[in-house]
Structure formats: structure tokens, C-alpha cells
Amino acid sequence: MPHIPDFEAWAIFAKVAELGSFSHAAEELGLASTTVSKAVTRLEQRMQTTLFHRTTRKLSLTETGRLTVFRAARILADGRAIEADIVEEAAIPRGKIRVACGTAFGLATIVPIIPMFLRDYPDIEMDLCLTEDDVDLITSGFDVCIRPGQPPDSTLRTVRLISFNRPLVAAPSLIEEFGVPEHPDELTRFPAIIPTNVPWGLDWQFDHPQHGSVTVRMSGRFHINHALAVVPAAVAGIGVALLPDFFMDEELKSGSLVPLLPEWSAATVSAYMVTPPGVARPARVRVFIEWLRDYYTRKSRERRNASA
């Protein structure tokens, strides 16, 4: 059965040959002199040959030592280069980031701002995958996954990106036809746009600081599994909608969608950035996470100031 080469011993041999001294090599490598001597002896026993001529005054390479020293030096240099590349990767933001993100959330919030990030970090490449699949970060090779809700896998590292409200909205034409509800119970007479990609699709829960929680069983002719498709349907007056506010900022500003039941609220939802387990993140991943957090912190502050 093939054995694994003793790379450490070959690297030590190369350093001894370079400096012409076991003790000097040990000092530079931060090893005990006995460790250095044993590593070379281990190689000689394994190769069944002698690599150095040893005298009390002089250390010189044998013919076998001269034939092997250049390749051994390359092992040492390659090992140093690998470590240097890893250290540089951990310190300097460059290289490719592979990011997985839900399609609707990604199209509405991530895709529009990626060009700004790439302009800020010209040495970083982005491979963004918009998917509705439940991505396994351990096996898929993604650096970051952005998803709503706290991930169930506690071994993953998570960073909260943003929390968003889910206002109940309707088009003015729908309000004109059905009126303005004053209590969630009145929503049963309204058509609704029913999301099929969430567990609460038919049962909409609303909370009030004094009156507690109310759950309403909704119905409607339009069922859809994609949040972005809800917006034009709501604007067209097909039904009331319960949707994260960032999906419909422009529509709320323009008045093409109007909030209903402002004193009642649906539960807020947070989006998280998830990375594989491990203490160290490469610099390119760290700066991406920090950049996104800073961006959404500013956006949240602007939104609060605008509503004040």
C-alpha cells in the first residue's frame, strides 16, 4: 500500500541544507535541535541512505543529498506559499464569493445593490444563485446563504441582516368596492391574494397591543407561490395582500397600494446571513457581510426617519 511522504521531514532537511547547521535550522524553524536531528535521521532510515556527511566541525551534503535537496527545498517553498495564500485570503478581500439567496428576496433587495458592492471591492467576484431550494451550506460550496427566519441548524454561523414589517395592503379600487375594514374579522368579506409558499397562506394572524391576537381564514381566486408576483396583482385590485414592506416601497409611496388596519400588525420577519461553521471567515466574506449590514442599517434608519 503506498505510503504518505514525510513532507515535514523533507522540509526540515531542506532548511538544514540551506543553513548548513542542525542548530541554526532548529532556531529558524522554532523547533528543538533533537526534533530536527530526528527528522533527518528518519528520512535517512526510510530512504536507506545518508543525506549528510557529519563531522564535529562540518556538515555537508552527500551525493544523494545533493540530488534531492532542490526538490526538498521546493516542498518547503510550496508549503510556505500555501500558508501565505491562505493568510492573504483571510486578510485581503479578493476572490470569488458564492452566495445563495431566495429568489423573491434576492430580486427585490440583493440584486439591485450587488453592483454597488462590486464597485466598492473591485478584487471580489460574485457568484449569486437565486433559488427556492433549501441550500446545504456544508455540501454545496456556498460561502453565504441569505434566508428569512432563524436557520434550524445550530452549527451554522448566523448574522441577522434585516427585520421587516408585513403590512396589510390593498389597491384604492378594492377599498372603494369593499370599504375600509376596522377589525381583522371584517377581512372575511374581502378577496385575498393567497401565498402558497408559506405555512400561513390561508390563516392570517394579526396582533394588537390591547386586543391581543386574531387569526382570520382568508379566501381568494388568486393563489401564487412567489412574493414579487403578489405586488402587481394587489395593485390591480385582485385582493388584499400581506407582504413584506420592502417588496412594495414604491407602490406604498405612490399610493397605488394603501395600508389597512394600521393598528394591527402581522409578525415581523428577519432575514439572516448564514455561513458554514468555523471560526475564521475569509476577508471577502467578512467584508460582504459587513457591507450588507451597514447598507441595511442605513436603509432602516432612513425608513424610520421618513415615517417619523
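The values are calculated or read from the model by the stated rules, or taken from the named source; none is laboratory data. All values reported here derive from a predicted model rather than from experimental measurement. No Cβ is skipped: glycine too gets one built from the backbone with ideal geometry, and neighbour counts run over all protein chains shown. These accessible areas exclude ligands, DNA and RNA; they are computed on the full protein's heavy atoms, side chains included. Shrake-Rupley method; radii C 1.70, N 1.55, O 1.52, S 1.80 Å.
Odds and ends about this structure:
- Of the residues making up region 140-149, none is out of contact with any strand residue (DSSP E or B) (no Cβ under 8 Å at 6 or more places or on another chain) and either part of a helix (DSSP H, G or I) or not aliphatic (A, V, I, L, M) (or both).
- Selection status of Phe178, farther than 30 Å from Glu125 by Cβ and either in contact with a strand residue (DSSP E or B) (Cβ under 7 Å, 6 or more places away or on another chain) or open to solvent by 70 Å² or more (accessible area, probe 1.4 Å) (or both): no
- Selection of region 115-142 for residues being more than 22 Å from Val198 (Cβ to Cβ), aliphatic (A, V, I, L, M) and under 14 Å from the mean Cα position of the chain (by Cα) yields Met126, Leu128, Leu137, Ile138.
- Within region 36-70, the set of residues being under 20 Å from Ser23 (Cβ atoms) and of a type in the set (Lys, Arg) comprises Lys38, Arg42, Arg54, Arg57, Lys58.
- Criterion violated by Arg119 - all others in (1) assigned to a helix (DSSP H, G or I); (2) at pLDDT 85 or above; (3) open to solvent by 30 Å² or more (accessible area, probe 1.4 Å); (4) closer than 30 Å to Ser23 by Cα satisfied: (4)
- Complete set of residues in region 1-47 that are of a type in the set (D, E, K, R) and more than 15 Å from Thr62 (Cα to Cα): Asp6, Glu8, Lys15, Glu27, Glu28, Lys38, Arg42, Arg46
- Glu263 meets the stated requirement of being acidic (Asp, Glu) and either on the phi > 0 side of the Ramachandran plot or in a loop (DSSP other than H, G, I, E, B) (or both).
- Restricting region 34-52 to residues that are surrounded by fewer than 12 Cβ atoms within 10 Å (Cβ to Cβ) and not β-branched (Val, Ile, Thr) leaves a set whose member that is nearest to the chain's Cα centre (by Cα) is Gln45.
- Cross-chain or 6+ apart pairs with Cβ under 8 Å, region 43-68 first and free of Cβ contacts under 8 Å to residues at least 60 places away in the same chain, then open to solvent by 70 Å² or more (accessible area, probe 1.4 Å) and of a type outside the set (Val, Ile, Thr): Leu59/His53; Ser60/His53; Leu61/His53; Thr62/His53; Thr64/Met47
- Restricting attention to region 150-178, the residues being in contact with a helix residue (DSSP H, G or I) (Cβ under 8 Å, 6 or more places away or on another chain) and assigned to a loop (DSSP other than H, G, I, E, B) number 5.
- From the list Ser254, Ser213, Ser265, Ser270, the one residue that fits, being in contact with a strand residue (DSSP E or B) (Cβ under 6 Å, 6 or more places away or on another chain) and without any contact (Cβ under 8 Å) to a residue 12 or more places away in the chain, is Ser213.
- Condition met for Leu161 (more than 17 Å from the chain's Cα centre (by Cα) and of a type in the set (A, V, I, L, M, F, W, C)): no
- Pick from region 150-170, criterion among the polar types (S, T, N, Q), open to solvent by 60 Å² or more (accessible area, probe 1.4 Å) and in contact with a strand residue (DSSP E or B) (Cβ under 8 Å, 6 or more places away or on another chain), ranking: modelled with the highest pLDDT: Asn165
- Qualifying residue in region 207-217 (condition: in contact with a helix residue (DSSP H, G or I) (Cβ under 9 Å, 6 or more places away or on another chain) and more than 26 Å from Ser270 (Cα to Cα)): no
- Test result for Pro232, surrounded by fewer than 18 Cβ atoms within 10 Å (Cβ to Cβ), modelled with pLDDT of 85 or more and part of a strand (DSSP E or B): no
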